[in-house]
Every structure is written in structure tokens, then in C-alpha cells.
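To start, the structure under review is shown below, and the notes come after it.
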Amino acid sequence: MEVRRTVPVALDVDSDDAALLEDTVDTFLWSAQYVVDHAFQGEYVTTSKTALDDETYDDVREKTDGFNGGLVQAARNKAAEACKSVVERWKRGKKASKPTFTSPHVVYDKRTATFHDDYVSLATTDGRIEADYVLPDEDSDTPHSEYLFSDEYETTGAELHYQDGDWVLHIHCKKDVESDTSEQATTENGTVLGVDLGVNNLAVASTGTFWMGDKFDHWRREYEKRRGSLQQCGTRWAHENIQAVGRKEKGRFKQMLHRISNELIAEARENGCSVIAFEDLTDIRERTGASWGHKWAFDRLYEYVEYKAEEYGISVEQIDPENTSRRCSHCGFTHPDNREDEDFECLKCGYENHADYNAAKNIGLRYLRRNQTGGDGGAPLGVRLNSGMLNVNGGYSPATASGQNGSPR
């Protein structure tokens, strides 16, 4: 099994090299956009990397005065992946438009970047530059010591980002590990942990565990107030402090989401789950009335759970969220009036519970139904509850012979 990690490292870049990197970013984004524009020219969108390479590589090199060949190919790959994502959304009946590249970044691989112990060498529009890493104290327990400078992990590439006036290199590392016996047993078990995301409750698991959103909302309002007060000043000092507030806000929320993701992984492992199922996050703002801040939090939480779960052989999936909040997880009856705010009461069978908990069970059930193994001896499948298990048909089996332990069913 392959485990991947990404380690952000700040770079010490002087003004001359910064100008070269800015030019490299602009050229990389232009190259990716050129490939996308070409891919959308025909009757069908071209998503093949080989076809796009044949049709655009020479043109891009000519129009960019010989931009580094490795970076041209990286830009092509970025464009192809973006086009493929659009086509996949169309196939699912979702809206999607032609991609545009505006976020300042460059994708590097081992040909275009050389990673050393304390600095990196990066290809640019005019040769290479060398930039020192800005690292925390050597004695501190950080991802840098755990992954980047570990003999167990191999550095495979990186993305260079320009954010808030700083250059940050997101370095990709990987290692191959063998799953131990207990992890293999977990994988074969086929048990699913359903997870519902929302505004009032950031996450609710099918085991009945809730991660409340009150702290997130409190600090989001506090940071909004601080930014509002600073914006009224209109001074350069205020503008710099707005950026500092933004960095502090993002850091606090990332720490909170890392904690929740760790607890979700622990919940899955303690309950022998091989799959963690989330709802598709694509249109979650429209479905839940979430803010952009909440959407960012949902995306980050999913991302953290996905890469952390990989180490334990747990897969993380997204399922179609249609009617998961309106469907009764007990009898299957679906109606808009089944749910009122956070309360769920089935109009048909009378089942009552917290609406988000009911939705978490439905998310797990939908994953099961999408991936049924049939009756030919495949791995047993079920949605894990705190008090037992739901099978693919919604049938309930208690965790013990005596059945209930007081947990919500």
C-alpha cells in the first residue's frame, strides 16, 4: 500500500529570484489555459494527455519562447485533469464550465525541481534558482521531520504557491507500507461509516458521534468582526493586519479540522470500518445554505480524512446526496416533510431521531447499495451504528445478543 503526504515549506526568495518565479507562474498558468482552450475547441472536449501533448506541446513552447519542457508537460497534465473533471460532472448531470487558471502556482516534478536537505533548485523561465527552506526548530515534532526528512519517505514532486506575499512549496512525499493483519481484517470486513456534514453540526457519524459547529461559527464571526473593523480604517497598517488576521483564522480552523479528521479516523478504526462515506461536496452550499467558509471547511475536512485514512487501509468515498436528509433510514419512505430543521420524524413509520444522524445512516446505506456484492459469498456489508449494524436493505442487527445499549438507532 502506498502512503502519501504533503508538507508545506516556506522559501527564502530574494527579489530577483521572486521576479523570475512570478514570470514562471504567469507562463505556467498561460500554458495550462492554452491547452484547456484547445481542448474545448472541437465538438467534444479532449481529455487525453497524449492527444493534448501531440496537439499543443510545440505551439506552447514556441509561443512561450522555449518554456521549460517539463513545466509545459506539467501544465498540460493540469489542463487535462481539469478538462476530465468537467466531463465527469457533465456525465453526472452537473453544471460545469470551461476551467480557468488564476490561482498562482506551478507544478514541479523530479525533472524540474531538485530537493536538497536545506534548499531546493527550481526551473524557471530563465534557468534555475536556488531557494533556502524556512524551517521550524530541529527539535520540534513537525511534518518536516516526520515526512520530508525521513528516510522512509521519498520526495516525488511539489507545487509552488504564492500566497500573502510568501512563496510556499507544497512538497509531495510517499512511502510503501505493508498492511498488518489487523488492518487487513478491517479491509475485508466491509463495514461503512456514514458521515453527514452541515452548518450546525460540522460532522455527524452513523455511530451517533457529533462534531458540533458552534466553535467554528463563533471564531468565524469573531474574525469577520476584526476584518470589518480594520477595513474601516483603510490604512496600509490595517490592510497588513487584515492579511495577518486571515492567516491566523486559517491556521486556527486547520488545527480544528485536523483534530476532527483524526477523531473520525479513530471512530472508523474502533468500529472496524473499511470505508468512510461522505456526501458529494460539489453542491453542498446550495443544499445546506452553508457559507463559503463552511464549504472551505468541508473540503479541507474531506481532504484530511482521505489522506490520513490511506495509512490504515480505509477508503474514503463520496456518494450522491439526493434525499439523504428526507429519507427515513428505518423504512425508506422519502418525503420533504419528514424533516423539520434538526428534527426527523417519518410520516409513514413514525421513526424519530436527529435529522443529521438519520442522514449519516442514509449516506452509509447509499454507499452499500451502490457497491453491493450480491449473495455469492462476497464480503459482508453493513453501516456501523453505535448499537449495531444496518445491512444493505436497512435491516438492523444489534451489537450484542441483548441488543440495545442506549445509543440512537
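The values are calculated or read from the model by the stated rules, or taken from the named source; none is laboratory data. Being a predicted model, the structure only gives us computed values, none of them experimental. All Cβ positions, glycine included, derive from the backbone under ideal geometry; neighbour counts span all protein chains shown.
Tabulated data
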| read-out | value |
| --- | --- |
| Single unsatisfied condition, ASP196 versus (1) modelled with pLDDT under 90; (2) in contact with a strand residue (DSSP E or B) (Cβ under 6 Å, 6 or more places away or on another chain) | (1) |
| When residues of region 54-72 are limited to those that are under 17 Å from ALA39 (Cα atoms) and among the hydrophobic types (A, V, I, L, M, F, W, C), the one farthest from the chain's Cα centre (by Cα) | VAL60 |
| Residue tally, condition at pLDDT below 85, over 15 Å from the mean Cα position of the chain (by Cα) and hydrophobic (A, V, I, L, M, F, W, C), over region 265-291 | 1 |
| All positions within region 22-45 that are of a type in the set (S, T, N, Q) and closer than 24 Å to ASP109 by Cα | THR24, THR27, SER31, GLN33 |
| Residues of region 21-50 classified as more than 28 Å from the chain's Cα centre (by Cα) and modelled with pLDDT under 95, total | 4 |
| Hey, TYR34 in contact with a helix residue (DSSP H, G or I) (Cβ under 8 Å, 6 or more places away or on another chain) and hydroxyl-bearing (Ser, Thr, Tyr) or not | yes |
| Contacts under 9 angstrom Cβ, first residue in region 79-104 being farther than 30 Å from ASP164 by Cα, partner outside any loop (DSSP other than H, G, I, E, B), 6 or more apart | LYS94/GLU88; LYS95/ARG89 |
| Selection within region 105-137 - in a loop (DSSP other than H, G, I, E, B) and in contact (Cβ under 8 Å) with a residue 60 or more places away in the chain | THR125, ASP126, LEU135 |
| Subset of region 101-117 (residues that are surrounded by 12 or more Cβ atoms within 10 Å (Cβ to Cβ) and over 20 Å from the mean Cα position of the chain (by Cα)) | TYR108, ASP109, LYS110, ARG111, THR112, ALA113, THR114, PHE115 |
| Those residues of region 24-59 which are touching a residue at least 40 places away in the same chain (Cβ under 8 Å) and either loosely packed, with under 14 Cβ neighbours inside 10 Å or not in a helix (DSSP H, G or I) (or both), in sequence order | PHE40, VAL45, THR47 |
